[in-house]
Amino acid sequence: MAVEKVEASLMDRESQAINRLLDWLRIPSISTDPEYKAEVRAAAEWCAAQLREAGLTTDLHETGSPDQPGHPVVWAHTDGPAGYAGPHVLFYGHYDVQPPDPLDLWESPPFEPVIKPADPGAQGEVPGERIVARGAVDDKGQVSMFLEALRAWHDETGSIPIKLSVLIEGEEESGSANLEKYLQDNKAALEKADICVISDTGMLSRTTPAITYGVRGLEYTEITLHSADQDLHSGLWGGRVPNPINELAKTLAKLWDDNGRVTIPGFYDDVLDIAPEEQQSWKQFEQGQVAALKKIGLDDSANRGESGFNAVEREWARPTCDVNGIWGGYTGAGAKTVIPAHATAKVSFRLVANQDPAKIAVLFKKWLDDNTPQGCRFEFTDFHGGWPGTVSTESPYLAAASRALASAAGTEPALIKSGGSIPVVGMLKKSLGLDTLLVGFGLDDDRMHSPNEKFELSCWRMGLRSHVRMIDEFAKMTV
Ligand code: BES
Ligand code: MN
Ligand code: MN
């Protein structure tokens, strides 16, 4: 059978496949930083070449507008075999990466990928053989599992056995600002798809794969509190005028009540309750919490958040507000007695169904207006948002993916949600009515977005086999 032949070839081609991924990881495709524009494009070209070699019709599509160009989308398509009656699958991934800072904490340079050996004496949750580089797991390494599965199907059987479109974007890590318009402009091609597949999430553990059926949404803002039109001597002016840092800190502290709930009026209006069946089935995941805290240097006293919900519920089904950065005044060496003219904070919200990021931005702005300290003024910037995404667990596509994962891993996949955000999931649902399967192979300790990001080869191999088998399962379906 074809799938066995394709699987058998994976071993022979492994070292070349890994070398290809290492080549991609060497391209610093940092989408937020304009300095890296050319490198971002080079990463897109690299990816397009892989898809071409797998026999797909492939193009780079420009995004944004002539005065504000975005990073290109890699688009590819194949019609599949003549007379194909299965689903039209859309694969989505992203080739851009987060900035590597802080650089001094990397054990090896972020864009010089290395394969580190497993620790022979290691027991349990200790990294095995792994690739260390920015983008190793988020998301180049995970996209490479799919690219290599395509290549293997193409090389071993001469073609791809399903109808497939591929959309790999370069702006996910900077908020997918141009994606909504891209989806609208290409609606005709996209709305023909039956299901979207994404590998950009995690497994339950090293040995148990997972299908993620929900991700949270996001609303990201920056606020600056201004007072005097100049920095002031704190001896002459301290006690006479508001200090924007003191006032910003006091204002931010009002965002949560003693129960850990966000105090912005209307914030919870659209939040759906957790279904009793979900609450029941999530109990099995709660026991991992103590170990998870221990791994980041905490004990159970740090198991805190909105009261009335356990940690799994808080991550998967409750909205939050977090300050992601705060600065102002003097931060250099030694002392400087100053009352600064302004202070700034980055404030973001993780959202759950059915919260609307645009509505949350409006509510927060109004809350700031109502809570502006006297003698001060708030400046508000709305960066980006994304809707929460939830996927039905009943679909035949999920069943097909589940069979593929079970046979690739030798264990049934867990059905989980995640607190992270992938803006395209909500966009595809809203603008095209398209459901997504989130089939990812990352681990909690992969250090996504942090120094020494890694992807374990055992996870990469499982993902590669899973993609080979998912393609086969989809090919066997009729829609
Ligand atoms: N791949 C992540 C999201 C993710 C990770 C989801 C693990 C579930 C499990 C993605 O690249 C990411 O980092 N998303 C950002 C949002 C984006 C708008 C910058 C996030 O979640 O902060
Ligand atoms: Mn990602
Ligand atoms: Mn990311």
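The values are calculated or read from the model by the stated rules, or taken from the named source; none is laboratory data. Being a predicted model, the structure only gives us computed values, none of them experimental. We place every Cβ from the backbone using ideal geometry, glycine too, and count neighbours over all the protein chains shown. Note: accessible area is taken over every heavy atom of the protein model, side chains too, but ligands, DNA and RNA are not part of it. Shrake-Rupley method; radii C 1.70, N 1.55, O 1.52, S 1.80 Å.
For the Cα atoms of the chain, what angle does the longest principal axis make with the long axis of helix 140-157, in degrees from 0 to 90, nearest 10? On a 0 to 90 degree scale, this one is about 10.
Before anything else, pin down the relative contact order of the range 89-132: Cα pairs under 8 Å, at least 6 apart, normalised by residue count, whole percent.
On the way: 29 pairs, mean separation 13.1, N = 44.
Contact order relative to length: 30 percent.
Taking 37 °C and 0.692 mPa s as the conditions, I'd like the Stokes-Einstein D for the chain in µm²/s, using the Kirkwood hydrodynamic radius from alpha carbon pairs. Numbers along the way, then the final one.
On the way: Rh = 24.0 Å.
This corresponds to a translational diffusion coefficient of 137 µm²/s.
Within 10 Å, count the other beta carbons around each residue, average over each peptide in 346-358, 368-380, 165-177, and list them highest first. Working shown, then result.
Values: 346-358: 19.8, 368-380: 13.3, 165-177: 23.6.
Put in order of decreasing packing, that is 165-177, 346-358, 368-380.
Computed from backbone phi, the HN-Hα couplings of the range 13-28 come to 9, 4, 5, 5, 4, 5, 4, 4, 4, 4, 4, 5, 5, 6, 8, x Hz, rounded to whole numbers (Karplus: 6.51 cos²θ - 1.76 cosθ + 1.60, θ = phi - 60°; Gly and Pro given as x). Solvent-accessible surface of the chain, taken per residue with a 1.4 Å probe and all protein chains present: 45 Å².
Grab the other residues whose beta carbon is less than 12 angstrom from that of Lys283, score K and R as +1, D and E as -1, and report the net. Local net charge: -4.
Against the chain, whose longest principal axis is taken from its Cα atoms, helix 357-370 shows a tilt of about 10°.
In the chain, what % of DSSP beta bridges are antiparallel (nearest 5)? Counting only bridges with both partners in the chain, antiparallel ones make up about 70 percent. Starting from the Cα of Arg240, step 7 Å toward the Cβ, then list every residue of the range 349-383 with an amide N under 18 Å from that point. Counting backbone N atoms under 18 Å from the label point, the list is 375-376.
Here the Karplus relation 6.51 cos²θ - 1.76 cosθ + 1.60, evaluated at θ = phi - 60°, turns the backbone of the range 286-295 into coupling constants of 5, 5, x, 5, 4, 4, 4, 5, 4, 5 Hz, with x for every Gly and Pro. Shown here for the range 187-279: GluC sites (Glu not before Pro) in loop regions (DSSP other than H, G, I, E, B) with at most 15 other Cβ atoms within 10 Å, namely Glu191. Listed by chain and number, the aspartates and glutamates whose C-alpha is less than 18 Å from the C-alpha of Lys294, apart from same-chain residues fewer than 8 away, are Glu125, Glu286, Glu315, Asp444, Asp445, Asp446. Helical content of the chain, expressed as a calculated mean residue ellipticity at 222 nm, amounts to -11000 deg cm²/dmol (DSSP H runs of 4 or more residues, -39,500 (n - 2.57) each, divided by residue number, nearest 500).
Under the simplified labelling scheme, the Asn259-Glu286 pair shows an inter-label distance of 1.8 nm, with each label point 7 Å from Cα along Cα→Cβ.
Need one number: convex hull volume per residue for the range 227-332, Cα atoms only, in Å³. Intermediate values should be presented prior to the final figure.
On the way: hull volume 17.5 nm³, N = 106.
Value for the range 227-332: 165 Å³ per residue.
On the basis of the beta-carbon distance and an R0 of 25 Å, Gln68 and Lys366 show a calculated FRET efficiency of 0.30.
Taking amide H as placed 1.01 Å from N in the peptide plane, the amide H of Ala210 sits under 5 Å from that of Leu204, Ala414, Gly440, each at least 5 places away or on another chain.
Lys and Arg at +1, Asp and Glu at -1: add these up for the other residues within a Cβ distance under 14 Å of Ala193 and post the number.
Local net charge: 0.
Counting every alpha-carbon pair across the range 1-136, the share separated by more than 21 Å comes to 58%. Kirkwood hydrodynamic radius of the range 320-479, from the reciprocal of the average inverse Cα-Cα distance over all distinct pairs: 20.0 Å. Mean separation of Cα pairs under 8 Å and 6 or more residues apart, divided by the residue count, gives the chain a relative contact order of 25 percent.
Amide H contacts of Phe91: Ser165, Val166, Leu167, Val197, each under 5 Å away and 5 or more positions distant or on a separate chain (H built 1.01 Å from N in the peptide plane; Pro and chain starts excluded).
Using only alpha carbon pairs under 8 Å that are at least six residues apart, calculate the relative contact order of the range 1-110 and give it in whole percent. Please report the intermediate quantities before stating the final value.
On the way: 102 pairs, mean separation 24.2, N = 110.
It comes to 22 percent, rounded to a whole number.
Principal semi-axes of the equivalent ellipsoid, √(5λ) from the alpha carbon gyration tensor of the range 396-479, are 23, 20, 10 Å from largest down. Once the chain from Asp104 to Ala188 is taken as fully extended at 0.36 nm per residue, the excess over their C-alpha distance is 25.5 nm.
Any of Lys5/Lys192; Lys254/Lys283; Lys163/Lys454; Lys417/Lys454 with alpha carbons more than 26 Å apart? Name them for me. Could the numbers behind the result be given before it?
Numbers: Lys5/Lys192 30 Å; Lys254/Lys283 32 Å; Lys163/Lys454 32 Å; Lys417/Lys454 22 Å.
From Lys5/Lys192; Lys254/Lys283; Lys163/Lys454; Lys417/Lys454, over 26 Å: Lys5/Lys192; Lys254/Lys283; Lys163/Lys454.
Volume per residue of the convex hull around the Cα atoms, evaluated for the range 312-389, comes out as 134 Å³.
Only the Cβ atoms of Lys and Arg (+1) and of Asp and Glu (-1) were treated as charged; on that basis the dipole of the chain about its Cα centre amounts to roughly 280 debye. Within the range 1-41, the percentage of alpha carbon pairs spaced more than 11 angstrom apart rounds to 69%. Taking the accessible area of the range 1-117, probe 1.4 Å, and keeping the other protein chains in place, the carbon and sulfur fraction comes to 53%.
How large is the Kirkwood hydrodynamic radius of the range 143-253, in angstrom, based on all distinct alpha carbon pairs?
On the way: mean 1/r = 0.0496 Å⁻¹.
Result for the range 143-253 stands at 20.1 Å.
Annotation: amide H-H contacts under 5 Å for Trp106 (H modelled 1.01 Å from N, sequence separation of 5 or more, or interchain): none.
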